[in-house]
1. Evaluate the following for Ser100: is it assigned to a loop (DSSP other than H, G, I, E, B), surrounded by 11 or more Cβ atoms within 10 Å (Cβ to Cβ) and in contact (Cβ under 8 Å) with a residue 60 or more places away in the chain?
2. I'm trying to understand the selection: among the residues of the range 1-59, which are surrounded by 15 or more Cβ atoms within 10 Å (Cβ to Cβ), at pLDDT 90 or above and part of a loop (DSSP other than H, G, I, E, B)?
3. Taking the conditions exactly as written (out of contact with any Phe, Trp or Tyr (no Cβ under 8 Å at 6 or more places or on another chain), among the hydroxyl-bearing types (Ser, Thr, Tyr) and at pLDDT 90 or above), does Ser73 satisfy them or not?
4. State all residues of the range 60-72 that are under 16 Å from Met1 (Cβ atoms) and either hydroxyl-bearing (Ser, Thr, Tyr) or not in a helix (DSSP H, G or I) (or both); if no residue qualifies, say none.
5. Here is a check on your reading of the model: is Leu27 more than 20 Å from Ala85 (Cα to Cα) and not polar (S, T, N, Q)?
6. Return a yes/no flag: does the range 5-25 have any residue that is among the charged types (D, E, K, R), farther than 13 Å from Glu74 by Cα and in contact with a helix residue (DSSP H, G or I) (Cβ under 8 Å, 6 or more places away or on another chain).
7. On the basis of being under 21 Å from Gly102 (Cα atoms), at pLDDT 95 or above and among the hydrophobic types (A, V, I, L, M, F, W, C), does Leu83 make the cut?
8. Give me a count of the residues in the range 73-86 that are in a loop (DSSP other than H, G, I, E, B) and touching a helix residue (DSSP H, G or I) at 6+ places or on another chain (Cβ under 6 Å).
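The values are calculated or read from the model by the stated rules, or taken from the named source; none is laboratory data. All values derive from a computational prediction rather than experimental measurement. Because the Cβ atoms are built from the backbone with ideal geometry, glycine has one as well, and the counts that use them run over all protein chains shown.
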Amino acid sequence: MKCTTRHVRIFTARVENNDLVPDPDQLTLDLDPDNEFLWTESITKEIQQRFQELVASHAGGELSDYNLRRIGSELEGTIRQLLQAGKLSYNPECRVLNYSMGLPRTPELL
């Protein structure tokens, strides 16, 4: 089972030797697979912490496509908030720079 959004992929799997191995008891996060953003270590940790909080909030519940999509959508919202707050920025070296979360918020554009 997996959930895929624009910037978040969640798999019911674990990573072994850089390969995903199906595991119904573990969720693995793949963040920004297209490298659309420039990630600092602290922002990456913030997203990982939010992911852990969301997973914990669903503990004991059914692991369904719907619940995985909810977690993915919540993480997308967190990414948008970080971008709008100026804590995260677009990667100018990205393969396709399409401003998927809106134009950058800079003094020139406000």
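1. Yes; evaluated as a whole, the condition is true for this residue.
2. Matches in the range 1-59: His7, Thr12, Leu27, Asp32, Glu36, Trp39.
3. Yes.
4. Hits for the range 60-72 are Gly61, Glu62, Leu63, Ser64, Tyr66.
5. Taking the combined requirement at face value, the residue satisfies it.
6. Checked against the condition, which is being among the charged types (D, E, K, R), farther than 13 Å from Glu74 by Cα and in contact with a helix residue (DSSP H, G or I) (Cβ under 8 Å, 6 or more places away or on another chain), the range 5-25 yields no hits at all.
7. So Leu83 does not fit the description; no.
8. Number of matching residues: 0.
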